[in-house]
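Asker: Can you read through this structure? Questions will come right after.
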Amino acid sequence: MTEISESGSQRILTGVRPTGPLHLGHYVGALENWVKLQSDYECFFLIADYQVSDHAEDLPRVRQSVLDVALDWLAVGLEPEKCHFVVESSVPEHAELTTWLSWWTPLGMLQRNPTLKAELSEIESSSSKRSAPLAFFNYPMMQVANILMPKAHLVPTGEDQQPHIEMSREIARKFNTIAGRDIFPEPQGLIGRVGRLVGTDGQAKMSKSLNNAIFIGDSPEDVNKKVRRMFTDPNRIHATDPGTVEGNPVFIYHDAFNPNQDQVDDLKQRYRTGKVGDVEVKDLLSEAINSFLQPFHERRRKFTANTDLVSDALQSGSRYARSVAQETMSDVRDALQINYFK
Ligand code: TRP
């Protein structure tokens, strides 16, 4: 069991890297849980701007993405009155904790991390043939520092983050052993209702870099266009051919975003028996996604018209997170007995 933090309530820390706008995969994998849990936990939602070294050639975009992410968060219903929005680099203690924790982290733990391995090969095989910077290799270590910093109990994220959460658990255990007392709770992961959403092209994962994403901020026209081009059952040529529903991205999205269960069941039944065309299935999907996104767009408009609210949220959340971080760092330095000047 996880321990109760001093404040008497359990804490959440989770985050994203500021690499662009958020998409439907982020929503069903993680954000939806964040919105639900923001009232029950003390929540730290982190924009991990130390962890985008693979975008070092485009810092202006990183800076813009920090604001875009905050805007998407507000749009989906995170409320800064209930939770803390944190810009990672405004809490430089993250860099210090990363350094200390890396003393007790075997190199092999990073070399074996499947998510890191996949991302490194994606960077290295990209058309620009870049080699990943050293900082990229170390980002899971920094993510561990993010999670341990507020002594988080729960980390709601998409499925691909699980190796990093497992690493946090191992390192928390190890550090507690070294300290001789329980400084860090062992954090639990929590995956959303669709841990990994397929892309519009049928590839395993929706991702901005794979160009197969529907963004939370996409207009109805964008959504219609993207859905119309979506990958379906490749073996089905005519509307009268029986089609496969299982694993078909169009139906995975209907299940995820269309609340009209009767309509979805009817479409599936007719698809299986060759009694519905792709156009009808897709038009109804666009409609469902657009009404799903509509309340987000309304809130986004409100905050776009008042960007001070966005920067205020980032500033006050980061300031609070820093005060929490300073307490943790003082525990860490005490545990390591490195208070030379006390
Ligand atoms: N690595 C996560 C991602 O790519 C972002 C992240 C940074 C994160 N720090 C975190 C997620 C701490 C959970 C907890 O999306």
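Asker: Can you pull out every residue in segment 101-125 that is hydroxyl-bearing (Ser, Thr, Tyr) and either touching a residue at least 60 places away in the same chain (Cβ under 8 Å) or closer than 21 Å to residue 166 by Cα (or both)?
Answerer: 102, 105, 115
Asker: Counting only residues that are at negative phi and within 13 Å of the ligand (Cβ to nearest atom), give me the helices (runs of 4 or more DSSP H) lying completely in segment 101-166 with at least 1 of them.
Answerer: 114-125, 134-137, 139-148
Asker: Then there is this: So which of 137, 85 ends up being free of Cβ contacts under 8 Å to residues at least 40 places away in the same chain and of a type in the set (Phe, Trp, Tyr)?
Answerer: 137
Asker: Checking the structure you have, find out if any residue of segment 122-138 is surrounded by 18 or more Cβ atoms within 10 Å (Cβ to Cβ) and out of contact with any Asp or Glu (no Cβ under 7 Å at 6 or more places or on another chain).
Answerer: yes
Asker: Just name the residue that is surrounded by the most Cβ atoms within 10 Å (Cβ to Cβ) out of those in segment 167-195 that are assigned to a loop (DSSP other than H, G, I, E, B) and more than 15 Å from the ligand (Cβ to nearest atom).
Answerer: 194
Listed here are the residues, each with its yes/no results for (1) closer than 19 Å to residue 35 by Cβ; (2) in the same structural domain as residue 88 (by TED's automatic domain parsing).
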site	(1), (2)
278	no, no
289	yes, no
292	yes, no
314	yes, yes
317	yes, yes
320	no, yes
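Asker: Sticking with this one: Within segment 39-78, count every residue that is surrounded by 14 or more Cβ atoms within 10 Å (Cβ to Cβ) and of a type in the set (D, E, K, R).
Answerer: 6
Asker: Then there's this: For segment 312-333, indicate whether the set of residues that are of a type in the set (Lys, Arg), part of a helix (DSSP H, G or I) and farther than 30 Å from residue 184 by Cα is non-empty.
Answerer: No, because not a single residue in segment 312-333 is of a type in the set (Lys, Arg), part of a helix (DSSP H, G or I) and farther than 30 Å from residue 184 by Cα.
Asker: Taking the stated definitions as given, is residue 286 assigned to a helix (DSSP H, G or I) and touching a residue at least 60 places away in the same chain (Cβ under 8 Å)?
Answerer: Yes, satisfied.
Asker: Right, another one. Checking the structure you have, find out if any residue of segment 192-200 is of a type in the set (Lys, Arg), touching a residue at least 60 places away in the same chain (Cβ under 8 Å) and within 24 Å of residue 33 (Cα to Cα).
Answerer: Checked against the condition, which is being of a type in the set (Lys, Arg), touching a residue at least 60 places away in the same chain (Cβ under 8 Å) and within 24 Å of residue 33 (Cα to Cα), segment 192-200 yields at least one hit.
Asker: Can you spot a residue in segment 47-61 that is within 11 Å of the ligand (Cβ to nearest atom), among the acidic types (Asp, Glu) and assigned to a loop (DSSP other than H, G, I, E, B)?
Answerer: Checked segment 47-61: at least one residue is within 11 Å of the ligand (Cβ to nearest atom), among the acidic types (Asp, Glu) and assigned to a loop (DSSP other than H, G, I, E, B).
Asker: Something else about it: Mind listing just one residue for me: the one in segment 202-245 that is part of a helix (DSSP H, G or I) and farther than 17 Å from residue 282 by Cβ and, of those, modelled with the lowest pLDDT?
Answerer: For segment 202-245, the residue satisfying everything is 209.
Asker: Hey, among 312, 262, 233, 308, which residue is loosely packed, with under 14 Cβ neighbours inside 10 Å, in contact (Cβ under 8 Å) with a residue 12 or more places away in the chain, out of contact with any His (no Cβ under 9 Å at 6 or more places or on another chain) and of a type in the set (Asp, Glu)?
Answerer: Criteria check complete, one pass: 312.
The values are calculated or read from the model by the stated rules, or taken from the named source; none is laboratory data. Computed from a prediction, not measured in an experiment: that's the story for all the values here. So basically every Cβ, Gly included, is an ideal-geometry build from the backbone, and we count neighbours across all protein chains shown.
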